[in-house]
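I have placed the structure first, in the form of structure tokens, so that the comments after it can refer back to it.
The values are calculated or read from the model by the stated rules, or taken from the named source; none is laboratory data. The structure displayed is predicted, hence computed values, not measured ones. Here the Cβ is made from the backbone with ideal geometry for all residues, glycine too, and neighbour counts use every protein chain on show. Just so you know, the surface numbers come from the protein's heavy atoms only, side chains and all, with ligands and any DNA or RNA stripped out. Shrake-Rupley method; radii C 1.70, N 1.55, O 1.52, S 1.80 Å.
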Amino acid sequence: MRHAARAFVLAAACLSLVACSDGDGASDPQPTPRTALTFGQTADTAGVDGKGAAQITPETVVYVDQAGAGAPEHGLFAVVAFRAGNRAEDSVTTTAAQGGFRWKTLDGKTIKASNTDGAGSIAPVGFDDGGGKPVVRADTHQVNTVAFDITPAQRGGTLVYVDGNGVAFRWRVPPTDSGPTAKALKSALK
């Protein structure tokens, strides 16, 4: 009886494995949706064309209605300072300068980085480069910024970064100025 029960369980397990495959013995796993990271958490991402690896960490967000002489077309600039790191022995190119960053609003609208001339010209002093230097040298990190021209109602939401393999990483963005360099970033935008 005990052997018959084991045989039945084994047969059921084998049948369920066959039912989950496409007939050639290989399973067909489904991708799992990525959950949003907490603002300030690091994501291990692929470089352009899947070459190399870069760590992307959005650290600070500020909201300003003026940046230098430029005013936002939609009412507010959301400027995110992020850290791009590279622990490898070779340089890696991130997708930051190729449209890798997006702002997803609470109502589901997607806004590309530098979506207006004003947002595209933001380059705060002391934050390496507006728009993100794409090449991160070996065994270094750098801080860059990316800007979005949004409406005041679109504060908060989700920052999305699509890496060189097409994988999207998401961070929940605070609706108020936040992060370790918020004060310095806001000052650099005046």
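Taking the criterion of being more than 23 Å from Thr176 (Cα to Cα) and assigned to a strand (DSSP E or B), the residues of the stretch 85-111 that qualify are Gly85, Asn86, Val92, Thr93. Residue-level analysis places Ala71 outside the set of residues that are more than 16 Å from the chain's Cα centre (by Cα), small (Gly, Ala, Ser) and crowded, with 19+ Cβ neighbours inside 10 Å. When Val61 is tested against (1) buried (at least 19 other Cβ atoms within 10 Å of the Cβ); (2) free of Cβ contacts under 8 Å to residues at least 40 places away in the same chain; (3) closer than 16 Å to Leu189 by Cα; (4) not hydroxyl-bearing (Ser, Thr, Tyr), just one condition goes unmet, and that condition is (2). Screening Asp139, Asp163 for residues that are within 17 Å of Arg83 (Cα to Cα) and open to solvent by 50 Å² or more (accessible area, probe 1.4 Å) leaves exactly one candidate, Asp139. Within the stretch 136-157, the set of residues being within 15 Å of Gly108 (Cα to Cα) and outside any loop (DSSP other than H, G, I, E, B) comprises Ile150, Ala153, Gln154.
The set of residues in the stretch 48-58 being open to solvent by less than 40 Å² (accessible area, probe 1.4 Å) and either part of a helix (DSSP H, G or I) or closer than 13 Å to Val146 by Cα (or both) consists of Val48, Gly50, Ile56, Thr57, Pro58.
For Ala123, the criteria (1) farther than 20 Å from Glu59 by Cα; (2) open to solvent by 50 Å² or more (accessible area, probe 1.4 Å); (3) hydrophobic (A, V, I, L, M, F, W, C) hold in every case but one, which is (1).
Pairing residues of the stretch 175-190 that are at pLDDT 95 or above with residues that are assigned to a helix (DSSP H, G or I) and surrounded by 13 or more Cβ atoms within 10 Å (Cβ to Cβ), at Cβ distances under 8 Å and at least 6 apart in sequence or on separate chains, gives Asp177/Lys186; Gly179/Leu185.
Among the conditions (1) touching a Leu at 6+ places or on another chain (Cβ under 9 Å); (2) modelled with pLDDT of 95 or more, the only one that Val160 does not satisfy is (1).
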